[in-house]
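To start, the structure under review is shown below, and the notes come after it.
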Amino acid sequence: MRWINTKPGQGARLTLALLPFLLLLAAYMIGSAERLADNPNDKLLPGLDALGAAIQRMAFTPDVRTGDYLLWTDTAASLTRLAAGLGISILIALVLGLVIGTLPYARAMLSPFVDAISMVPPLALLPILFIVMGLGEASKIALIVIGVAPIMVRDLALTALALPREMIVKAETLSASSWQIALRVVLPQILPRLITTLRLQLGPAWLFLIAAEAISSDSGLGYRIFLVRRYLSMDVIFPYVLWITLLAILTDILLDRLRIAVFPWSELEKGK
Amino acid sequence: MSALSIKNLWKEYGDQIVLENASIEIESRAFVALVGPSGCGKSTFLRLLLGQEQQTKGEILLDGTPLPKEPGPDRGVVFQRYSVFPHLTVLGNVMLGKELKASRFAARLFGAAKREVEDEARTMIAAVGLAGSEDKYPAQLSGGMQQRLALAQALIMRPKVLLLDEPFGALDPGIRAEIHTLMKKLWHEAPMTVVMVTHDMREAFTLATRVVAFDRPRDRPEEKLRYGATITRDIAIWPPRKAGEASLFRPDRDGPVSSKGQ
């Protein structure tokens, strides 16, 4: 039988899915054990007990100076910034995407502008943001918005434009005005895509957040990673990176569940 | 009344002449089938009637008044695909037109007004044979059921003219025969004129009161650009079909005919 025609069963699929993760873990453990055998004070690849101790210290022991549980306050600070940035981006993307995708005049005016803005490297703007908006929360949130909103606008505008012309004409024969077409025909059909595009932008959003936090902040997951980097505290960095990844994966899965729950028709259309 | 009068219609795209001097009078309540080879301008002709495109020259009158330059509720349409909205249930699709008409800003109805429209929509859904599927999404319906839904959605607006662009072309023969019976019934009952583009001669002669053929009188390669298609045949079906009346000679030919909507 050809390889392209052989499919894994339920158990095989699970095993195969776990295999790369287990291999990575095993490689780490072997590397860590070898280095620790050479030098028990090695900080580069700490063993599981050192990692466990660091997690215990960061997540479940109050900080001696502030009395905070650092992992949780860092997480709260980062997630607040991320939510604010993505929330603003969603609003911008919905309004501009809808307008650009529906009205030819708005498209003529805004589409080239948004296309150009989306090409500006956001990190190059970070110094400007810090100078203009100060080192507080505003500049970090602004960086996320500048980084992800233009792409989301373009994606939603393209989705709106890709709607078959027949549907728009049909709505017109049902006496719809431009406003009604935007509200009842185009908007509901780009909302599922909004969730998908948000999922795709989660990675970049985290990137911009951590970049901003690394440069200027007093809390946040990115801030902590770059702070302990000075002490070569890999035992803290590794769990933090893992935690960020876990948060991102969880958000991704939850958003897709949300789409299927709120827009069941978008899942039905997929199979066609 | 819903008579269409088309006078010396031309449609050009840049240098390309697609439709050339097409004129036809369509009497109220007629069922006209437009036939012809691919690329002969019959779909363009339909889009001009719909208002989706504008003619280069000539005029189209509906009951003596020129058509507005964009689609409107006086002309309903069913396309071969994408005629229904995938994000609305069957009931939502049929209610949409009424909701848009009654609520210009929110485009939604609530309370008693909504229940009234819902009742009307359920009656319409039953009339096209979709009773029991009210809460399904279009993706859960077969191709034939989707076209039934598209008909219900268009007809609840009581259009003067119903335009059909190869509406049953993608359906298999058995389903097509069933939907032909439905189409005849709807045409007999609703006070409208029907113009249908089709590739299927059998369909044209089964449904229509008149079969109108489009063709290019000059079709040599070097002539293709500068000479468009026009109406070359206009065949009245005999014995004549009349909306709302059984055939005089073979009363069962067009199926059961009720006098509703006359």
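Per-residue answers, yes or no, for (1) farther than 25 Å from B:Ala127 by Cα; (2) in a loop (DSSP other than H, G, I, E, B); (3) of a type in the set (Lys, Arg); (4) modelled with pLDDT under 85:
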| site | (1), (2), (3), (4) |
| --- | --- |
| B:Pro191 | no, yes, no, no |
| B:Phe205 | no, no, no, no |
| B:Asp219 | yes, yes, no, yes |
| B:Pro240 | yes, yes, no, yes |
| B:Asp254 | no, yes, no, yes |
| B:Ser259 | no, yes, no, yes |
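Scan the stretch B:171-186 residue by residue and report those that are open to solvent by 30 Å² or more (accessible area, probe 1.4 Å) and not in a helix (DSSP H, G or I). Spell out the reasoning first.
Here is the first cut: in the stretch B:171-186, the residues open to solvent by 30 Å² or more (accessible area, probe 1.4 Å) are B:172-178, B:181, B:185.
Within the stretch B:171-186, B:Asp172 is the sole residue that qualifies.
Here is a list: A:Ala182, A:Ala205. Which entry is open to solvent by less than 20 Å² (accessible area, probe 1.4 Å), among the small types (Gly, Ala, Ser), within 14 Å of chain B (Cβ to nearest Cβ) and out of contact with any Lys or Arg (no Cβ under 7 Å at 6 or more places or on another chain)? Before the answer, list the steps.
On the way: A:Ala205 fails: within 14 Å of chain B (Cβ to nearest Cβ).
Result: A:Ala182 is the single residue among A:Ala182, A:Ala205 that is open to solvent by less than 20 Å² (accessible area, probe 1.4 Å), among the small types (Gly, Ala, Ser), within 14 Å of chain B (Cβ to nearest Cβ) and out of contact with any Lys or Arg (no Cβ under 7 Å at 6 or more places or on another chain).
If a residue has to be in a helix (DSSP H, G or I) and either out of contact with any strand residue (DSSP E or B) (no Cβ under 7 Å at 6 or more places or on another chain) or of a type outside the set (S, T, N, Q) (or both) to count, how many in the stretch B:40-50 make the cut?
Looking only at the stretch B:40-50, we keep the residues that are in a helix (DSSP H, G or I), and these are B:42-50.
Imposing the further condition that a residue be either out of contact with any strand residue (DSSP E or B) (no Cβ under 7 Å at 6 or more places or on another chain) or of a type outside the set (S, T, N, Q) (or both) reduces the set to B:42, B:45-50.
So the count comes out to 7.
Name the single residue that is nearest to the other protein chains (Cβ to nearest Cβ) among those in the stretch B:128-180 being of a type in the set (D, E, K, R) and under 29 Å from B:Ile26 (Cβ atoms).
B:Asp165
Which one of the conditions (1) surrounded by 20 or more Cβ atoms within 10 Å (Cβ to Cβ); (2) within 12 Å of chain B (Cβ to nearest Cβ) does A:Thr159 fail to meet, given that it meets all the rest?
Against the list (1) surrounded by 20 or more Cβ atoms within 10 Å (Cβ to Cβ); (2) within 12 Å of chain B (Cβ to nearest Cβ), A:Thr159 comes up short only on (2).
A quick yes/no check of all residues on (1) surrounded by 15 or more Cβ atoms within 10 Å (Cβ to Cβ); (2) over 28 Å from A:Thr159 (Cα atoms):
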| site | (1), (2) |
| --- | --- |
| A:Gln56 | no, yes |
| A:Asp63 | no, yes |
| A:Ala93 | yes, no |
| A:Ala108 | no, no |
| A:Val145 | yes, no |
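Can you pull out the residues in the stretch B:105-119 that are within 14 Å of another protein chain (Cβ to nearest Cβ) and under 17 Å from B:Gln153 (Cα atoms)?
The answer is B:Ala107, B:Arg108, B:Leu109, B:Val117.
Could you figure out which of (1) open to solvent by 100 Å² or more (accessible area, probe 1.4 Å); (2) aliphatic (A, V, I, L, M); (3) in contact with a Phe, Trp or Tyr (Cβ under 7 Å, 6 or more places away or on another chain) isn't true of A:Leu23?
Single failed check for A:Leu23: (3).
Go through the stretch A:221-272 and give me each residue that's within 14 Å of chain B (Cβ to nearest Cβ) and exposed (fewer than 11 other Cβ atoms within 10 Å of the Cβ).
A:Lys270, A:Gly271, A:Lys272
Residues of the stretch B:59-79 being away from chain A (no Cβ under 12 Å) and either in contact with a helix residue (DSSP H, G or I) (Cβ under 7 Å, 6 or more places away or on another chain) or open to solvent by less than 40 Å² (accessible area, probe 1.4 Å) (or both), which ones?
Within the stretch B:59-79, B:Ile60, B:Leu61, B:Leu62, B:Leu67 meet the criteria.
Looking only at the stretch A:42-51, decide whether some residue is open to solvent by 60 Å² or more (accessible area, probe 1.4 Å), within 30 Å of A:Ala157 (Cβ to Cβ) and either assigned to a helix (DSSP H, G or I) or in contact with a Phe, Trp or Tyr (Cβ under 9 Å, 6 or more places away or on another chain) (or both).
no
Can you tell me which residue in the stretch B:91-113 is least open to solvent (accessible area, probe 1.4 Å), limited to those that are under 26 Å from B:Met145 (Cβ atoms) and out of contact with any helix residue (DSSP H, G or I) (no Cβ under 8 Å at 6 or more places or on another chain)? Even if it seems obvious, please write down each step before you answer.
Residues of the stretch B:91-113 that are under 26 Å from B:Met145 (Cβ atoms), as a first pass: B:91-101, B:107-109.
Narrowing further to those that are out of contact with any helix residue (DSSP H, G or I) (no Cβ under 8 Å at 6 or more places or on another chain): B:92, B:101.
Working: B:Gly92: 15, B:Lys101: 115 Å².
My answer is B:Gly92.
Quick check on my filter: what residues within the stretch B:114-133 are in contact (Cβ under 8 Å) with a residue 24 or more places away in the chain and open to solvent by 30 Å² or more (accessible area, probe 1.4 Å)?
Residues satisfying the conditions are B:Glu118, B:Glu120, B:Arg122, B:Met124, B:Ala127, B:Gly129.
With the requirement that a residue be of a type in the set (Ser, Thr, Tyr) and part of a helix (DSSP H, G or I), what does the stretch A:1-21 give you?
Filtering the stretch A:1-21 down to residues of a type in the set (Ser, Thr, Tyr) leaves A:6, A:15.
A:Thr15 - this is the single residue of the stretch A:1-21 that is of a type in the set (Ser, Thr, Tyr) and part of a helix (DSSP H, G or I).
How many residues does the stretch A:18-59 hold that are within 27 Å of the chain's Cα centre (by Cα) and over 14 Å from A:Val236 (Cβ atoms)?
Of the residues in the stretch A:18-59, 9 are within 27 Å of the chain's Cα centre (by Cα) and over 14 Å from A:Val236 (Cβ atoms).
Give the residue that is nearest to B:Gln140 (Cα to Cα), with candidates limited to residues of the stretch B:85-99 that are within 8 Å of chain A (Cβ to nearest Cβ) and under 21 Å from the mean Cα position of the chain (by Cα).
B:Pro86
Let me spell it out: the conditions are (1) in a helix (DSSP H, G or I); (2) open to solvent by 30 Å² or more (accessible area, probe 1.4 Å); (3) of a type in the set (A, V, I, L, M), and A:Leu135 meets all of them except one. Which number is the exception?
(1)
The values are calculated or read from the model by the stated rules, or taken from the named source; none is laboratory data. Note that the coordinates shown come from a computational prediction; the quantities given were computed from them, not determined experimentally. Every residue, glycine among them, receives a Cβ derived from its backbone with ideal geometry; neighbour counts consider all protein chains shown. For the accessible areas, the whole protein counts, side chains as well, though only heavy atoms, and no ligand, DNA or RNA atoms are used. Shrake-Rupley method; radii C 1.70, N 1.55, O 1.52, S 1.80 Å.
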